[in-house]
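*Asks:* Before anything else, here's the structure in question.
Please treat every number below as a calculation from the coordinates, not as lab data. Because the structure is predicted, anything quoted here is derived from the model rather than measured. Positions of Cβ are generated from backbone atoms using ideal geometry, with glycine treated the same way; all protein chains shown enter the neighbour counts.
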Ligand SMILES: Nc1ncnc2c1ncn2[C@@H]1O[C@H](COP(=O)(O)OP(=O)(O)OP(=O)(O)O)[C@@H](O)[C@H]1O
Ligand SMILES: [Mg+2]
């Protein structure tokens, strides 16, 4: 059973010395169903990272609460995996050793089982031949794939991803988008995916939350249930795909107007 | 290597060797023609003879050992103190800030100036030399240890928090390996400073050690021997560097990633 995420009136401000506090997030309400893939799209500074860190239990909210299932989030939950904007691989560990870090720290299963999972995920992400390389010997796209593999090794129930592909070129991004959906299909999981890229959001998601800055807030939520279920390269040429991109863009124009 | 690079490397080597040849030729000429007093500039052959008698003949064997021992003990004491204090102060922020003015004062203070006082307190034996040596070796390692524990990518700290790592796990899996990359490059500076401290202590007052040889021979007017000791010390400094470089290569072989950010 994959638990839903309920965000109720979550607010966050940051104290700034000698000035009024920055309101990074105005009250946000959002429910992400168990097993759903939800993207958050919005311009820089609209509080996407802040919201993700609050959901992850890495940052306390100023007001409101986040629940995973029935549990209020107060600290990081071991069943939540995170992929940061930068790959954040430990530079002194090989790709394989980086993937084993969550096993060493959280011990979700035996070392042998953990190694088996890491091996399987390195095969799935096409990094098997690079398992003994150091992160600096990998391209940016490969590093980000390693970070995704690492997040998936403990078999998280919830995956939080903060612009994982923003540093990549369009071709690599599209390939990794398809790869990500395949990886997520391995076992149902709830995904919150932050991006600047509307095409990426439409391609990946069940729903898209549109955010706006000053103060950071969630505007429209766009439902993509009408898109074809088959999410592969063909979808990017499908008229419904373009319709949904236009709809998302329109939601932005309305929100920012 | 491209042909251009090869030519460049060869020319650089020519400059190195050429400089030595020119300097020795000038030296020989100046000394041979008695342009300069032998007390100031003895002929090269005298220095070679002194070096042979002192080093290869074993006359300074004891002194070399004493200086090396002081250097190594001073380095080790300074290193361990710096590692322990650096690691402790990285966590004890209040203490670190409170003691910062004193550490800064001690760091900028010319520590060699307290050598006579230390000799008066601790006598003519090894103790005062080891203290100065340790004091000099301490600071570069301390500063880099502190930086190694504190200058960590906040995203990596988030990563470990998100896995609910304990403080102990965070120390072992993140802060210690991160610190190694900062600490290792400070070691060769610290070792050279430890040697400097030992010699400075010996020059102040000693009964053995290469610094003592310098004092004695200067007093006797045996300048050639003094030059020989100086050449020996230059060689010792290079050996110290080589020892640290060997340590780095060993780390690199043992854990390539750990030395990844070293140099
Ligand atoms: N630790 C902090 N201290 C002070 N202000 C902060 C802090 N973190 C975020 N902010 C402010 O909160 C606002 C939202 O930041 P956040 O990083 O969540 O934006 P974002 O939507 O992720 O932007 P981007 O797309 O550029 O990553 C910004 O105005 C930022 O300046
Ligand atoms: Mg962000």
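*Asks:* Taking the 0 to 90 degree range and rounding to the nearest ten, how far is the long axis of helix A:170-185 tilted relative to the main principal axis of chain A, both from C-alpha atoms?
*Replies:* Compared with the principal axis, the helix lies near 80 degrees.
*Asks:* Can you give the Rg and Dmax of segment B:73-140 based on its C-alpha atoms, in angstrom?
*Replies:* 13.2, 39
*Asks:* When Cβ neighbours within 10 Å are restricted to other protein chains, what is their mean count per residue of peptide A:91-99?
*Replies:* Rounded to a whole number, the mean comes out at 4.
*Asks:* OK, next. Could you tell me which of rounded, prolate or oblate describes chain B, using a ≥ b ≥ c as the square roots of the eigenvalues of the alpha-carbon gyration tensor, with rounded for a/c under 1.5 and, failing that, prolate when a/b is larger than b/c and oblate otherwise?
*Replies:* oblate
*Asks:* Kirkwood Rh over alpha-carbon pairs of the protein assembly as shown, then Stokes-Einstein at 25 °C and 0.890 mPa s: what D in µm² s⁻¹, rounded to an integer?
*Replies:* It diffuses with D of about 87 µm²/s by this estimate.
*Asks:* Related question: Let me know the shape class of segment B:1-86, please: from the alpha-carbon gyration tensor, a ≥ b ≥ c as square roots of the eigenvalues, rounded when a/c is under 1.5, otherwise prolate if a/b is greater than b/c, or oblate.
*Replies:* oblate
*Asks:* When the helix-only estimate is applied to chain A (DSSP H runs of n ≥ 4, each -39,500 (n - 2.57), divided by the residue count), what is the mean residue ellipticity at 222 nm, nearest 500 deg cm²/dmol?
*Replies:* -11000 deg cm²/dmol
*Asks:* What is the angle, in °, between the Cα long axis of helix A:111-124 and the longest principal axis of the Cα atoms in chain A? Nearest 10 is fine, range 0 to 90.
*Replies:* Around 70 degrees separate the two axes.
*Asks:* Mind sorting A:86, A:237 by how few other Cβ atoms lie within 10 Å of their own Cβ, fewest first?
*Replies:* Ordered by Cβ neighbours within 10 Å, fewest first: A:237, A:86.
*Asks:* Same structure, new question: Counting only DSSP beta bridges with both residues in the protein assembly as shown, tell me the antiparallel percent, nearest 5.
*Replies:* Here the antiparallel bridges make up roughly 50 percent for the protein assembly as shown.
*Asks:* What list do you get for A:53, B:253 if you sort them by fewest beta carbons within 10 Å?
*Replies:* Exposure proxy ranking, most exposed first: B:253, A:53.
*Asks:* Just rank B:142, B:91, A:241, B:102, fewest to most, by other beta-carbon atoms within 10 angstrom.
*Replies:* Listed from fewest to most nearby Cβ atoms, that is B:102, B:91, A:241, B:142.
*Asks:* So what is the relative contact order of chain A, in percent, for Cα pairs below 8 Å that sit 6 or more residues apart?
*Replies:* 25
*Asks:* Once the piece of chain linking residue B:153 and residue B:124 is laid out straight, how much longer is it, given 0.36 nm per residue of separation minus the C-alpha distance between them?
*Replies:* Extra length available between residue B:153 and residue B:124 comes to 5.6 nm.
*Asks:* A further question follows. With springs only between Cα atoms under 10 Å apart, run a GNM on chain B and tell me which of B:30, B:127, B:50 wobbles the most.
*Replies:* Greatest mean-square fluctuation among the candidates belongs to B:30.
*Asks:* Over segment A:139-241, what portion of Cα pair distances is larger than 21 Å, expressed as a whole percent?
*Replies:* 37
*Asks:* Which value at 222 nm does chain B reach when only helices count, each DSSP H run of 4 or more adding -39,500 (n - 2.57), with the total divided by all residues and rounded to the nearest 500 deg cm²/dmol?
*Replies:* Value at 222 nm, helices only: -26000 deg cm²/dmol.
*Asks:* Be a star and scan segment B:175-215 for residues whose amide nitrogen sits under 14 Å from the point 7 Å along the Cα-to-Cβ vector of residue B:230.
*Replies:* B:214-215
*Asks:* Oh, and also: With axes computed from alpha carbons, what is the tilt in degrees of helix B:127-150 against the longest principal axis of chain B, rounded to the nearest 10 within 0 to 90?
*Replies:* Long axis of B:127-150 versus the principal axis of chain B: about 40 degrees.
*Asks:* Considering chain A as a Gaussian network with a 10 Å cut-off on Cα pairs, which listed residue, A:171, A:130, A:84, attains the greatest mean-square fluctuation?
*Replies:* Top of the fluctuation ranking is A:171.
*Asks:* Based on the alpha-carbon gyration tensor of segment A:1-158 and its eigenvalue square roots a ≥ b ≥ c, which shape applies: rounded if a/c is under 1.5, prolate if not and a/b is larger than b/c, or oblate?
*Replies:* prolate
*Asks:* Just to be sure I understand: of the beta bridges DSSP finds with both ends in chain A, what percent are antiparallel, rounded to 5?
*Replies:* Approximately 50 percent, going by the DSSP bridge assignments.
*Asks:* While we're looking at this one, here's another question. Remind me, relative contact order of chain B in percent, using alpha carbon pairs under 8 angstrom and six or more residues apart?
*Replies:* Once divided by the residue count of chain B, the mean separation gives 25 percent.
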